[in-house]
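**Q** Right, I'll just put the structure down here and ask away after.
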Amino acid sequence: MLISLTHKTFKALLFPALCEFHLKFVSYSTMSQPKRYFLNKLNDYGGEEISVSENEWKQKLLQVVNVIKERQPPRVHDADGGLYVGVGGIGYMFYFLSQSPLCSVEKADFVKKGLNYIDASLSYIDSHKGDHSQKSAFLLGYAGIYAVAAVLNNSAGNKEAAEKYLRKYIKAADNCMPVHYLRCGGDELLVGRAGYLSGALWLEKELGKGTIPPKIMKNLCDSMIQSGREYARKYKSPCPLMFAYYDTEYLGAAHGLSTILQMILTVPGYLQSDPKAEFDVRTSVDYLLNLQTASGNFPCATDELGRRARSESDELVHWCHGAPGVVYLMAKAYLHWKDEKYLQACIKCGDIVWNKGLLKKGPGICHGVAGNAYVFLLLYRLTNDKKYLHRAQAFAQFMFTSEFEKGARTPDCPFSLYEGWAGSACFLADLARPQSAAFPFLDVF
Ligand SMILES: [Zn+2]
């Protein structure tokens, strides 16, 4: 579902079958099966003690990593698509794994490998310098690559290089500061200000508070608030803050309202400093909350509300569109305002993900099984209820079954961070250490 533009340049990655992980996806009959997901025949939690074997999942993730290394080397011509589907996302995976206590033995090797992948992306940027629209884009553009290059170089002890890329990241904020800097809409997560802020917050987590000047984050929030108010007024939206991306008012994580609000909520001290902004943000969160369906999902966009709603058989339960992405906003709202209704919304998200979340689109975190399984790791951290650890592990095991092998489709970029196995590897590492699990760049804790 996510912008086909991104994938155009990545078509025809025709890899041979991968016996190690049975990634040899084949076509299958859809008779009596739902279109978008596998029927969940997994046992739900029955109150038993849950054990997650660190060693077992570590071995699995190392096998996944070996397949990625073998099938997707760090080639410059595979760097288009930023962290999202370009090889830079694999650089992020290596960095993420290098920071996990689970992979302390492999740490130095993973940092080195991560640098190889991110260097390919940096070379790609060097040969495409004229494209200003990509400068401040996080998941689909250059800023995300600079951020990952900064932390990898910092980890390798290359302080000068780390500072150089950090300066490039900070400078890129100038690009997305003007309220109307992108005609297609510059507030969302993949190319817009919300993405830039998610990267800024992540850099602060990795490199320490004060890494990004607080004024930059505050000014970006101001631009987003102004942009949302202006748009809402102009188009008479019932929501005080509304945004469009290519003329569609998306509501979910990838291009929509939920991650824009989440980032404004996450910037330290911002809402406390501006009560009017807090009022509008909270009213907007509640507007979105009221759109949650009886089964727990969220519509993709405002043009799918009321009579124009998708049928239940066609609804999207993806991180990019639907409950598995909006859940992070609701979790952040719960932690910020301590109102139980947001937690109840998260729990409802968890139920629809359990019922309809075994996606046929592949293993990835954007619209795949691992992305949906991350919802259970979030709920486990929020509630401490073992049911969610059980569900996360059950989804992980499903990714290695013959049912998934035969019935799932091969994503355009099968080893990438958001569509492919690189994101799944991050999920497996988080499953083995669930107390600190967080969806990439969307940590709410
Ligand atoms: Zn997606």
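The values are calculated or read from the model by the stated rules, or taken from the named source; none is laboratory data. For clarity, every value in this text was computed on a predicted model and none was experimentally measured. As a convention, Cβ positions derive from the backbone with ideal geometry for all residues, glycine included, and neighbour counts pool all protein chains shown. Surface accessibility is based on the protein's heavy atoms, side chains included, excluding ligands, DNA and RNA. Shrake-Rupley method; radii C 1.70, N 1.55, O 1.52, S 1.80 Å.
**Q** Exactly which trypsin sites (Lys or Arg not before Pro) in the stretch 212-274 are in a DSSP loop and have at most 15 other Cβ atoms within 10 Å?
**A** Here the trypsin sites (Lys or Arg not before Pro) that fit, given the DSSP loop and packing criteria, are 236.
**Q** Give the Debye-formula value of log10 I(q)/I(0) at each listed q (0.09 Å⁻¹), with one equal scatterer per alpha carbon of the stretch 327-445, two decimals each.
**A** -0.22
**Q** Per residue, how much accessible area does the stretch 342-438 show when a 1.4 Å probe rolls over the protein heavy atoms, in square angstrom?
**A** Ligands and nucleic acids excluded, the result is 23 Å² per residue.
**Q** I'd like the Karplus ³J(HN,Hα) series for the stretch 433-445: coefficients 6.51, -1.76, 1.60, θ = phi - 60°, whole numbers in Hz, and an x wherever there's a Gly or Pro.
**A** Here the 3J(HN,Hα) series is 10, x, 5, 10, 5, 7, 4, x, 6, 10, 5, 9, 8 Hz.
**Q** Now for a different question. May I ask for the net charge around residue 47, where only other residues with Cβ less than 12 Å from the Cβ of residue 47 are counted and Lys, Arg are +1 while Asp, Glu are -1?
**A** -2
**Q** Give me the percent relative contact order of the stretch 229-312, please, defined on Cα pairs under 8 angstrom at least 6 residues apart.
**A** Reported as a whole number, the value is 28 percent.
**Q** Related question: On alpha carbon coordinates alone, what is the Rg over Rh value for the stretch 273-362, Rh being the Kirkwood radius?
**A** Using only Cα positions, Rg/Rh for the stretch 273-362 is 1.00.
**Q** 5 Å is the cut-off here: which amide hydrogens, built 1.01 Å from N in the peptide plane, fall below it relative to residue 245, excluding neighbours closer than 5 in sequence?
**A** Answer set, sorted by chain and number: 250.
**Q** Place +1 on the Cβ of every Lys and Arg and -1 on the Cβ of every Asp and Glu in the chain, take the dipole about the Cα centre, and give the residue among 299, 232, 115 whose Cα lies farthest towards its positive end.
**A** The one lying farthest along the dipole's positive direction is 232.
**Q** Quick one: pull the percent of accessible area on the chain belonging to carbon and sulfur, 1.4 Å probe, ligands and nucleic acids left out.
**A** 51 percent
**Q** Given a cut-off of 21 Å, what percent of all Cα-Cα pairs of the stretch 113-257 lie beyond it?
**A** 43 percent
**Q** Order 324-334, 117-127, 90-100, 52-62 from most to least packed using the mean count of other Cβ atoms within 10 Å.
**A** Averaged packing, sorted descending, gives the order 324-334, 90-100, 117-127, 52-62.
**Q** Work through the residues other than residue 403 whose Cβ is under 13 Å from its Cβ and net out their charges, Lys, Arg +1 and Asp, Glu -1.
**A** Result for the neighbourhood of residue 403: +2.
**Q** Measuring with a 1.4 Å probe in the full set of protein chains, what accessible area per residue, in whole Å², belongs to the stretch 171-220?
**A** That works out to 40 Å² for each residue.
**Q** Continuing with this model, one more query. Each residue of the stretch 410-417 in order: what ³J(HN,Hα) in whole Hz does its phi give by Karplus 6.51 cos²θ - 1.76 cosθ + 1.60, θ = phi - 60°, with x for Gly and Pro?
**A** Calculated HN-Hα couplings, in order: 8, x, 4, 10, x, 10, 6, 5 Hz.
**Q** Report, in debye and to the nearest 20, how large the dipole of the chain comes out about its Cα centre when Lys and Arg carry +1 and Asp and Glu carry -1 on their Cβ.
**A** 380 debye
**Q** Would you list, by chain and number, the lysines whose Cα falls below 24 Å from the Cα of residue 171, excluding same-chain residues fewer than 8 positions away?
**A** Candidates past the 8-residue exclusion: 129, 135, 159, 205, 209, 215, 218.
**Q** What dipole magnitude, in Debye to the nearest 20, does the stretch 296-403 give about its Cα centre under +1 on Lys/Arg Cβ and -1 on Asp/Glu Cβ?
**A** So the dipole magnitude of the stretch 296-403 works out to roughly 180 debye.
**Q** Explain nothing, just the number: dipole magnitude of the stretch 245-286 about its Cα centre with +1 on each Lys and Arg Cβ and -1 on each Asp and Glu Cβ, in debye rounded to the nearest 20.
**A** 140 debye
**Q** Right, next: For a quick check of your reading of the filter: which trypsin sites (Lys or Arg not before Pro) in the stretch 149-193 sit in a DSSP loop and have no more than 11 other Cβ atoms within 10 Å?
**A** 183
**Q** Further, regarding this structure: Over the stretch 239-315, with the other protein chains present, what is the accessible area per residue in square angstrom, probe 1.4 angstrom?
**A** Averaged over the residues of the stretch 239-315, the accessible area is 41 Å².
**Q** Shifting gears a bit: Once you have the Kirkwood Rh of the chain from its Cα pairs, apply Stokes-Einstein at 20 °C and 1.002 mPa s and quote D in µm²/s.
**A** 99 µm²/s
**Q** Within the set of other residues whose C-beta is less than 11 Å from the C-beta of residue 257, count the net charge using Lys and Arg as +1 and Asp and Glu as -1.
**A** -3
**Q** Here's a follow-up. For the ranges 428-441, 302-315, what's the packing order if you count other beta-carbon atoms within 10 Å of each residue, average per peptide, and put the highest first?
**A** Per-residue Cβ counts within 10 Å, averaged per peptide and sorted highest first, yield 428-441, 302-315.
**Q** Given H placed on each backbone N at 1.01 Å, which residues far from residue 301 in sequence or on other chains put an amide H within less than 5 Å of it?
**A** Placed amide hydrogens put 251 under 5 Å from residue 301.
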